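> Encoded as structure tokens, here's the structure I'll be asking about.
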Amino acid sequence: RISYYNGEYVNHDEMRIKSGDRAFYFGDGVYEVVRIYDGRFFTLDEHTDRLMASAEEVMIRGLERDEIVEILHEVRERNAITDGALYIQVSRGIAPRDHSFPDGSKPVIYASIREAKRPHGQMEEGVRAVTTEDYRWLKCHVKSLNLLANVMEKQYAVENGAKETIMHRDGVVTEGSSTNVFMVRNGTLFTHPADNLILNGITRQEVLKLAEANEIPFREEGFTVPDMSEADEVFYTSTTQEITPVTNIDGRQVGDGSVGGTTRKLQSLFNKKIT
Ligand code: PDD
């Protein structure tokens, strides 16, 4: 497997990470995960734009969009993986540990690819989710390397026999630990607005585009945990999880406990986009 770090393409297992990389000390950087289906990137421009926007938001300067695109293509081409996920991260730079931004350091890029299978089983069957308070910072629209809260939230699901943790702030559902959350009530789709409290998922945006184009009514509007418990359907989305139905939340079944019609419709429309 060939990966990229700090100017060089290297054998993944022999990569030497610089000890002064601020990603290592501070998680001081941003990242993206891009899906590759049948040898082609899916929504590459959207992911690249969001990476640039995240970098800008946390004042990582000197990042070139063209360089990012080139590295992504190069890593894909150097590996014989047709169905996979490409991970790319950008840290603020390499410098001795000090909180303030180092003078004159350049962003450090890392990229690697792995094989990824579509999550057919869970998309068919649905998964269990649990809910907790969202205790992350207030710049959740940045795809930050700092994922400590998300990691803790995900583990909470694992330890409670669930696949995802759905977070809420003061009772209003924000998103999953690594996914965006939707509910369906009386045929209308609801999801949290794309503000600073969620990551504006590329898959989320694709779902909203599909809803728009296919006359499925939707509202980008906050809803509460009790609203969600009463919903007809709930699902979450991400680059790797696609459209995953949630059939049980905190031990209570959602709707009649089976995967709902609107979820199925969106899954089938999404399917057509990627195959
Ligand atoms: N996670 N919300 C959060 C907090 C996320 O980390 C992600 C993605 C999403 C969905 O975004 P998208 O549809 O653009 O993948 C929402 C990635 C896949 C990860 O960290 O592995």
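> Distance in nm between label sites at D98 and Y25, each 7 Å beyond Cα in the beta-carbon direction?
0.9 nm
> Given the alpha-carbon gyration tensor of the stretch 70-174, what are the semi-axes of its equivalent ellipsoid in whole angstrom, ordered largest first, with each equal to the square root of 5 times an eigenvalue? Walk me through the numbers on the way to the answer.
Details: eigenvalues 184, 126, 21 Å².
Each semi-axis is the square root of five times an eigenvalue, giving 30, 25, 10 Å.
> How much length, in nm to one decimal, is gained on full extension between D256 and R114, taken as 0.36 nm per residue of separation minus their Cα-Cα distance?
Values: separation 142, 0.36 × 142 = 51.12 nm, distance 3.69 nm.
Value of the extension gain: 47.4 nm.
> Right, here's the next one. How large is the convex hull of the Cα atoms of the stretch 2-115 per residue, expressed in Å³ as a whole number? The partial results should precede the final answer.
Working: hull volume 10.3 nm³, N = 114.
Roughly 90 Å³ of hull volume per residue.
> What does the charge dipole of the chain about its Cα centre add up to, to the nearest 20 debye, if the Cβ of each Lys and Arg holds +1 and the Cβ of each Asp and Glu holds -1?
400 debye
> While we're here: Compute the Rg to Rh ratio over the chain from the alpha carbon atoms, using the Kirkwood formula for Rh, and round to two decimal places.
Over the Cα atoms of the chain, Rg/Rh equals 0.98.
> Still on this structure, I have one more. What longest range of the chain stays clear of loop-exposed chymotrypsin sites (Phe, Trp or Tyr not before Pro) (DSSP non-H/G/I/E/B, at most 13 other C-beta within 10 angstrom)? Intermediate values should be presented prior to the final figure.
Working: sites that count: Y135, W137.
Answer from the scan: 138-275.
> Rounding to the nearest 10 and keeping the result within 0 to 90°, find how far the Cα-based axis of helix 148-159 lies from the longest principal axis of the chain.
Relative to the chain, helix 148-159 is tipped by roughly 50 degrees.
> Taking N as the number of residues in the stretch 120-274, what value does Rg over Cα atoms divided by 2.2 N^0.38 Å take?
That works out to 0.94 for the stretch 120-274.
> Give me the angle, in degrees from 0 to 90, between the Cα long axis of helix 202-213 and the longest principal axis of the Cα atoms of the chain, rounded to the nearest 10.
40 degrees
> Nearest 0.05, what FRET efficiency do E220 and E14 give at R0 = 41 Å with Cβ-Cβ as r?
Values: r = 46 Å, r/R0 = 1.12.
E(calc), rounded to 0.05, equals 0.35.
> At 0.36 nm per residue, and after removing the present C-alpha to C-alpha distance, how many nm does the segment from S268 to N196 gain when stretched out fully?
Here the answer is 22.9 nm.
Read-outs throughout are calculated quantities, based only on the coordinates presented, and are distinct from any laboratory measurement. These numbers were taken from a predicted model, which means no experiment stands behind them. Virtual Cβ from ideal backbone geometry, glycine too; neighbours counted across all protein chains shown.
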